[in-house]
1. Could you tell me how many of the residues in region 155-190 are under 17 Å from D82 (Cα atoms), surrounded by fewer than 22 Cβ atoms within 10 Å (Cβ to Cβ) and either polar (S, T, N, Q) or touching a strand residue (DSSP E or B) at 6+ places or on another chain (Cβ under 7 Å) (or both)?
2. How many residues does region 24-80 contain that are in contact (Cβ under 8 Å) with a residue 40 or more places away in the chain, charged (D, E, K, R) and in a helix (DSSP H, G or I)?
3. For S49, only one of the following conditions fails: (1) of a type in the set (S, T, N, Q); (2) more than 17 Å from the chain's Cα centre (by Cα); (3) crowded, with 17+ Cβ neighbours inside 10 Å. What is its number?
4. Tell me, please, whether a residue that is modelled with pLDDT under 95, in contact with a helix residue (DSSP H, G or I) (Cβ under 9 Å, 6 or more places away or on another chain) and farther than 25 Å from L192 by Cβ can be found in region 71-83.
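The values are calculated or read from the model by the stated rules, or taken from the named source; none is laboratory data. The structure displayed is predicted, hence computed values, not measured ones. Virtual Cβ from ideal backbone geometry, glycine too; neighbours counted across all protein chains shown.
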Amino acid sequence: MHYVSETLNSAMNQVLGNDPYPNTEIIVINDASTDDSWAVVEEYMKRDSRIKGINLTENVGLPAARNIAIAASTGDLILPLDADDKIDSHYLEKTVPKMTDGVGIVTTYMEIFGYWPELTGHPGSGYPIFYPTKEQILNGNCLPVCSLIRKQAIADVGGYPEVMKNGSEDWALWAAIICKTNWQVEVVKEYLFHYRTRPGSMSRQATMAPFEESRARIRAMYGA
């Protein structure tokens, strides 16, 4: 709940030059949260008609929630953004032009902030971000969860794999697109995604499957 406003503001404040970025919609999925997050979202919905909220009464898990949001969207491009992260105000301005024919994913370098700050994505950094080969994506993730995705690319692989309820659903989606389709990846070499780290955040919870388990499952699903 504490960071929902920051996340929504970063999505709402996208610009194109000096003007608000046109033709955007913001879809918020409340996956049966038990705090006051939904009340915050409702207040934002009253102030901005671009925001559409879907309030789930039963928890379905992150990949299923993402698929519900995608199904409710009307645009051709999807940008997943978790409730405690942020994007630079020029994120869409810098990434959308890279979504040319044949490109299915456009991503950027990443600023990690909060619990342990770091600029990453560039070669030699703690988390290099690049266009991987099939073998590379099957061995480990190198694309951040917040990446611009062509909606057709998601549809071509059947959406986020809902079996990955315990984490790494983004890695599994990238593996599916790279291993099973011909869509290409572009990387904007700027730190436009701001990934928050904090004790107890979703990505660090003990409920998340260990790396080796996730890799084995992804290799079983998408390996040749």
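1. Here the count works out to 1.
2. Residues that pass the stated criteria total 1.
3. The failed condition is (3).
4. No, every residue in region 71-83 fails to be modelled with pLDDT under 95, in contact with a helix residue (DSSP H, G or I) (Cβ under 9 Å, 6 or more places away or on another chain) and farther than 25 Å from L192 by Cβ.
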